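Enquirer: A single structure is presented below for examination.
The values are calculated or read from the model by the stated rules, or taken from the named source; none is laboratory data. Since the structure is predicted, the reported quantities are computational estimates derived from the model, not experimental observations. With ideal geometry, Cβ positions are generated from the backbone for all residues, glycine too; neighbour counts draw on all protein chains shown.
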Amino acid sequence: MSAAVSIAVWRGGEVLLVRRKQPPFHGAWTFPGGRVEYGETTGDAVLRELREETGLSVTGPRLVRILGTNVSKADYVLAIYVSAYEGGEALAASDAAELGWFTPDAASALETTPGLAEIIRLTRAALNAPAQNAAQV
């Protein structure tokens with residue numbers, strides 16, 4: 001079993017999504033993220049993946065949910081984080097073919113990774129929840 005992370009960065013009513021350049025889910029839209037490297041915490045990994053894929057940095061991302069998933073016949077534990085946009089220009093890099101800011105309704109019209117619409121809803125609710133109800137890195 002491997003560990004992976006993703007992060008929903010919200011700018012007002014829009015969430016940042018990247019279009020995957022590599023398998024699995026090549027061409028699908030999802031949150032920035034990827035595998036946790038050996039010796040790395042999920043908090044460190046999510047900040048690194050966000051920076052590598054978009055050039056953005058955030059402080060204090062909050063853990064929303066940990067899911068078990070099976071991708072390409074491999075089992076993963078996925079830690080999903082949320083943060084508010086703090087500024088800077090987002091540019092697609094690394095494993096991101098392109099990126100964009102989408103309302104939840106606009107995101108629902110895209111080809112996305114499985115279950116993304118529900119996770120978008122969860123992250124939006126977590127971002128608006130009091131900080132004591134969510135873990136912080």
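Enquirer: Mind listing whichever residues of the range 15-36 are of a type in the set (S, T, N, Q) and at pLDDT 95 or above?
Expert: Here is the first cut: in the range 15-36, the residues of a type in the set (S, T, N, Q) are 22, 30.
Hit for the range 15-36 is T30, nothing else.
Enquirer: Same structure again: Among the residues of the range 59-86 satisfying the criterion of being in a strand (DSSP E or B) and of a type in the set (S, T, Y), which is surrounded by the most Cβ atoms within 10 Å (Cβ to Cβ)? Spell out how you get there, then give the answer.
Expert: Within the range 59-86, the subset in a strand (DSSP E or B) is 62-71, 74-84.
Among the residues that remain, those that are also of a type in the set (S, T, Y) are: 69, 76, 81, 83.
Details: T69: 13, Y76: 17, Y81: 31, S83: 24.
If we take residues in the range 59-86 being in a strand (DSSP E or B) and of a type in the set (S, T, Y), then Y81 is surrounded by the most Cβ atoms within 10 Å (Cβ to Cβ).
Enquirer: Counting only residues that are within 18 Å of L122 (Cβ to Cβ) and among the hydroxyl-bearing types (S, T, Y), which one in the range 1-40 is nearest to the chain's Cα centre (by Cα)?
Expert: Checking each candidate, the answer is S6.
Enquirer: Filtering the range 1-58 down to residues that are part of a strand (DSSP E or B) and without any contact (Cβ under 8 Å) to a residue 60 or more places away in the chain, which residue is surrounded by the fewest Cβ atoms within 10 Å (Cβ to Cβ)? Break it down into steps so the answer makes sense when it comes.
Expert: Initially, the range 1-58 is screened for residues part of a strand (DSSP E or B), giving 2-11, 14-20, 29-30, 33-35.
Add one more test, that the residue is without any contact (Cβ under 8 Å) to a residue 60 or more places away in the chain, and what stays is 33, 35.
Working: G33: 23, R35: 13.
Among residues in the range 1-58 that are part of a strand (DSSP E or B) and without any contact (Cβ under 8 Å) to a residue 60 or more places away in the chain, the one surrounded by the fewest Cβ atoms within 10 Å (Cβ to Cβ) is R35.
Enquirer: Go through the range 87-133 and count every residue that is part of a helix (DSSP H, G or I) and either at positive phi or of a type in the set (K, R) (or both). Outline the logic, then answer.
Expert: First pass over the range 87-133, keeping only residues part of a helix (DSSP H, G or I): 104-108, 116-128, 131-133.
Next, from what is left, pick out any that are either at positive phi or of a type in the set (K, R) (or both): 121, 124.
Counting residues in the range 87-133 that are part of a helix (DSSP H, G or I) and either at positive phi or of a type in the set (K, R) (or both) gives 2.
Enquirer: Inside the range 12-45, can you point out the residues that are more than 21 Å from E111 (Cα to Cα) and among the charged types (D, E, K, R)? Break it down into steps so the answer makes sense when it comes.
Expert: Our first condition is that a residue be more than 21 Å from E111 (Cα to Cα); within the range 12-45, this holds for 12, 35-45.
Those that are more than 21 Å from E111 (Cα to Cα) and among the charged types (D, E, K, R): R35, E37, E40, D44.
Enquirer: Here is a follow-up. Please work out which one of (1) out of contact with any helix residue (DSSP H, G or I) (no Cβ under 7 Å at 6 or more places or on another chain); (2) within 15 Å of V9 (Cα to Cα) is the condition A79 fails and give its number.
Expert: (1)
Enquirer: Got at least one residue in the range 60-75 being polar (S, T, N, Q) and at pLDDT 95 or above? Even if it seems obvious, please write down each step before you answer.
Expert: Within the range 60-75, the first condition is being polar (S, T, N, Q), and the residues that meet it are 69-70, 72.
With at pLDDT 95 or above added as a condition, the list becomes none.
No, every residue in the range 60-75 fails to be polar (S, T, N, Q) and at pLDDT 95 or above.
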